[in-house]
Amino acid sequence: MMKIPMLVLSLIAATLSSSLYGDEVSLPGYLESVRQNHPFFARERISRDIEHQQQQRFLGDEDWVVTANPFYRHEERSWGNAFIAEKENLLSLSVGMERLFWSSGSRVAVAYDYNRLDRRYAPPTGVFDEHAHGVSVTYSVPLLKNKNGILNRLNYDLQAFNIDLADVVALENQEDFLEQNGQLFLDWVFVTEQHRIANNRLYLAEEELQRTEKKRRSFLVAEVDVLRARDAVISAKQGLQRIEAQRKALSAELATQSGDARLYTAEPSFNLYALRALPDMKQALSTLKENSRLLKRIDLRLEQLTHQRTGLENKTKPELDLLLRGGLRSEKSEFSGSIKLDQPQYMVGMNFRYILGQRRAKADVSKTRMQQQQLRFERASIYRQLAASLRNTLVQLNELEGVMALSRQQIDVARQRTAEELRRHNQGRSELTFVIQSRDNEQNAQLNYAENAVSYQRLRLRYAALTDTLMTGVEQ
């Protein structure tokens, strides 16, 4: 398939230009104005940004965390024992920074500790005073559960699917909105064609009235024929005014939806009677499978559940973490001597934890598996509904082509009949009533043709929306 610019609606057969030109408005031009000016589209575009910001908040799990823990304790005892302090003061301060790394699931903590211990004993022991300083680095890394940080970044990864889903949903909502406005545009096209037909009928009625009045002055027809001709003119004017009111109302609605005041006085640039070659059923179904956003939504959700299931299965594994710690420390009775940090310390350890049974984790995995199965059935159901609608639309389009061909034949017959009735009336062989009726029949045949044509164009628009080519402009 070949991509062409957005909103080139070759599928619905009906455009002579791609933007607004003076007093003429094309369907793509109108829809583009709606897309640019209607607040609905601005609202839909924000959906992705909202989901993106929701994802950004999960990045906070990797932020550095600053900690500070000042502490002071005072104790007094009344033992009267030289080996037990009567008074004890402890001043402690611990400050540090720690961070989680998603790439490995590890944690790193850097800390500084200061402690001052002041003890007062009964004589002869006296006073014990100690200052201690220490710096340390602690590193822990998961070896089984949460290996490579799969659980730490799970919410972030799952939210990425929500961003893609928001894009798909927004596009689908926008296309539905454009289809609604496209149908409104076709209403305008139809009522404009009705106006043209009614205006032509009024012209012929007035022409017939002038001819009848002229004949009456020559005593060639009776007065009743003049009255019949006048009645036909009045009826034609009433029909035209009614259609004119509908046309003005639709113009106002279109102008409001598109935010373009020119539509109050513009005319639609649209070939209502144009037909386009239809794709065969196999090609149409292939386009549906490839483009359908409803199916893409299900596929994205299935991918999201698959990723979620991987994380849940990881939760069933035992916790086995490697713990490493190293640092320097010094202790002296004088503060100045305690800041040398000349006493190295290190520690290597393992942390193991396992929940027997794992009922919660296993239930979550089973639930996710069933949700995936449910979505697969839902996808099959949605595709069947879309395929049914598509087949229905294509069948109607094919049948309408035949109906429109019959409508053209009906118009030709009505025109021939009008010409024959007019000839007979001019020869005095029939009444004016038959001429008027014949002209009305001709007008009705033209209206019937227009109704069939607008039904065809509506179905073309529906086909474009069903195959999700209204927004993308995919040429069949």
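What follows draws every value from the coordinates through simple rules; no lab data is involved. Only a predicted model underlies this, so the values are computations on that prediction, with no experimental measurement involved. Neighbour counts are summed over all protein chains in view; Cβ atoms, including those assigned to glycine, are modelled from backbone coordinates with ideal geometry.
From least to most packed, judged by other beta carbons within 10 angstrom and beginning with the fewest, TRP102, TRP188 follow the order TRP102, TRP188. Between amide H atoms placed 1.01 Å from N, distances below 5 Å from GLU24 occur with GLU267, all of them 5 or more places distant or on a separate chain.
Listed peptides 398-404, 163-169 appear in the order 163-169, 398-404 once ranked by packing, highest mean of other Cβ atoms within 10 Å at the front. Partner lysines whose Cα lies under 23 Å from the Cα of LYS214, excluding those fewer than 8 positions away in the same chain, are identified as LYS237. Fraction of C-alpha pairs exceeding 16 angstrom in segment 22-109: 78 percent, rounded to a whole number.
Bridges between two residues of the chain, per DSSP, are antiparallel at a rate of about 95%. Our summary of shape: the Cα atoms of segment 300-365 have principal axis extents of 65, 31, 16 Å, ordered from largest down, in whole angstrom. Legend: distances between Cα atoms for LYS147/LYS315; LYS296/LYS362; LYS315/LYS362; LYS315/LYS367; LYS317/LYS367; LYS296/LYS367; pairs beyond 20 Å are LYS296/LYS362; LYS296/LYS367. Here the Karplus curve 6.51 cos²θ - 1.76 cosθ + 1.60, taken at θ = phi - 60°, turns the phi angles of segment 363-379 into couplings of 5, 5, 5, 5, 4, 5, 4, 5, 5, 5, 4, 4, 5, 5, 5, 5, 4 Hz, with x standing for Gly and Pro.
If I compute percent of Cα pairs over 43 Å apart from the structure I just sent, which labelled value in (1) 12; (2) 52; (3) 21 lines up? Matching the structure shown: (2).
Among HIS307, HIS425, HIS74, HIS131, the order by Cβ neighbours within 10 angstrom, fewest to most, reads HIS74, HIS307, HIS131, HIS425. Ordered by the count of other Cβ atoms within 10 Å of each Cβ, fewest first, ARG325, ARG201 give ARG325, ARG201. The distance linking segment 159-191 with segment 249-301 is 9 Å (Cα centroid to Cα centroid, whole angstrom).
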